[in-house]
1. Just to confirm the number: angle between the C-alpha axis of helix B:274-286 and the first principal axis of chain B, 0 to 90 degrees, nearest 10?
2. What angle, in degrees between 0 and 90 and rounded to the nearest 10, separates the Cα long axis of helix B:162-178 from the longest principal axis of the Cα atoms of chain B?
3. Relative to the longest principal axis of the C-alpha atoms of chain B, give the angle of the C-alpha long axis of helix B:133-155, reported between 0 and 90° and rounded to the nearest 10°.
4. If you add up the charges near B:Ile129, with Lys and Arg at +1 and Asp and Glu at -1, over every other residue whose beta carbon is less than 15 angstrom from its beta carbon, what do you get?
5. Per the helix-only calculation at 222 nm, which mean residue ellipticity applies to chain B, given -39500 (n - 2.57) for every DSSP H run of n ≥ 4 and division by its residues, nearest 500 deg cm²/dmol?
6. Could you give each residue of the stretch B:88-95 its phi-based ³J(HN,Hα) in whole Hz, using Karplus coefficients 6.51, -1.76, 1.60 with θ = phi - 60°, and x for Gly or Pro?
7. Residue by residue through B:124-137, how many Cβ atoms from other chains fall within 10 Å of the Cβ on average?
8. Which loop chymotrypsin sites (Phe, Trp or Tyr not before Pro) in the stretch A:24-99, with loop taken from DSSP, have no more than 16 other Cβ atoms within 10 angstrom of their Cβ?
Amino acid sequence: MSDHHDEYHSHGKLYLSVFLALCGFTAISIVADLVHIPNRAMLIGIVLSVAVCKALCVLLIFMHLKFERAWKYLLLAPTFILACTIPFALAPDVGMHYYTVSVPQLAEYESQQAHKGDGHGGHGSDHGAKGGDKAHGGTDHGGGDHSHKAPEKH
Amino acid sequence: MTQHHPSAPLKMGIPIPNSKLGMWLFLGTEIMFFTAFIGTYIVLRMGSPGWPTDVHVTHISIAAGGFNTFVLILSSYFVVVAHDALLGQKFAKAWQFMLWTLLLGFVFLGVKGYEYTGKFQHDILPGHIPESDKQAMDKVVREFGAIVDSRLAAMYPKLTKREDQKSELDTRITALKDKADATAAEKQELAAAEVMAELYAAQVDIKEHVRANWTLELPLVAFDQYRTMDESSEDWKKKYGEWKTSNAKKFEDNSLKDLKSYLNAEGKIDPLTLHEVNDRVEALKKDAKLGPLLGSLQPAHPILYGNLFASNYFLMTGFHAIHVIVGLFMFVLVLKKGSKLSLADATFVENIGLYWHFVDLVWIFLFPLIYIL
């Protein structure tokens, strides 16, 4: 029994440092949100890379993948490939719209954008600017000029 | 010839315990399960310009999300510490750390529950969210109608049709008004009935205006006369002239403003705006008599893609929360062993640890995608 105890080398310190790293990464994401980075692509880049780093920490150390034998590749490669399939399969149709979309929300969005252009004065300009900003990034395919692009489509 | 040694059996398969292999295979399917949700969410957002991101609209709290992220990371750390202690044969320590993990799981669910309560209070639920001004006005009408219906049904539980309830209400009001020697109870009933009639009229007023899309400034009293006229016809102005002459007296009688004040530049009645409807709702809620009867009626604000947002939010966080609950059950299973916890449980603890880390992993992606971006 007792020699078993001596044999085992605790990973305690490694685990603690990974935990602290995870906390640090979380803090980076939260700070990135709170400082309102004007460049949305940059925000997406920072926040998602932080998420990937955290995920790697958890997978490699907490889930012991770093210490496992080659079976991990055999087991995880098909999963990974299949997991990527859905977003890639949906992206051209739902995400990128290679055809003209005619959802009621799009017309509503365009009228909102036009409205914002008209009376951008006094009322809630901060609000409006922020909303516009975020919407801009949300489209991922040159979003901001959507309101100009759209009339051509119809 | 060489297989004579019975001490060295042929080793087949992957050099890990079967249960651990099973857990990893299961986690493989789980990865696909969650990437399907997260992937569709990303793709839908990409294709939906105007997706709601303003926290005042979505009621997403980064504080709650950040706190929950920390809770899950800490609990994940406690699991590895527990597993480490178990391998080092410090069973009491392992047990304690797993208890902490369990408690942190409950904290996570508590915060999640708090967030969900907020979503329900603000009615940010799939299918409940108006996405345009028109839908928002319809929602006010619908909810107001439901309130009037339930109040009428409560007053006259024996009658099932709304029309019957309304006519009974009118009959009672007339009867009680004519009664000279009304008792205190009857006077009370009359007051309640009159308030009810007023509530009914207020709902009909908004409903008719929304249906016709005419400004609320145009009084309902004049509605039918306007309605019979075809305002799109070319001789609208001529008709308006005739109508005005024939109804001039009525106008004065009802002390209505001239029709001109409700007409816009194109000679049409000004359309109804959501602003007007919401102002009316606010005014009604402040009304001393009607306000208390309105219950949960709120002004409605459209959220573009709000329903898609809510569906995605609840689907992803909901399935994640279910996984947390399942994980908690597994921790209860192992904690039940109490002082009987031994080295033999190390594989089981490692397996539930793997599962718990996976739950943490999903949250690591959900947090930036839902709470920050």
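1. 90
2. 50
3. Helix B:133-155 sits roughly 80 degrees off the main axis of chain B.
4. On the way: positive: B:Lys119, B:Lys134, B:Lys139, B:Arg142; negative: A:Glu108, B:Asp54, B:Asp123, B:Glu131, B:Asp133, B:Asp138, B:Glu143.
Result for the neighbourhood of B:Ile129: -3.
5. That comes out to -23000 deg cm²/dmol.
6. x, 6, 9, 5, 5, 5, 4, 4
7. Per-residue shielding by partner chains comes out at 1.
8. Working: sites: A:Phe25, A:Phe62, A:Phe67, A:Trp71, A:Tyr73, A:Phe80, A:Phe88, A:Tyr98, A:Tyr99; in loops: A:Tyr98, A:Tyr99.
In loop regions of the stretch A:24-99 (DSSP not H, G, I, E or B), the sparsely surrounded chymotrypsin sites (Phe, Trp or Tyr not before Pro) are A:Tyr98, A:Tyr99.
Values quoted throughout were computed directly from the atomic coordinates according to the rules given, and no laboratory measurement underlies them. Everything numeric here is computed off the predicted structure, so don't read it as measured data. Glycine gets a Cβ as well: all are built from the backbone with ideal geometry, and neighbour counts include every protein chain shown.
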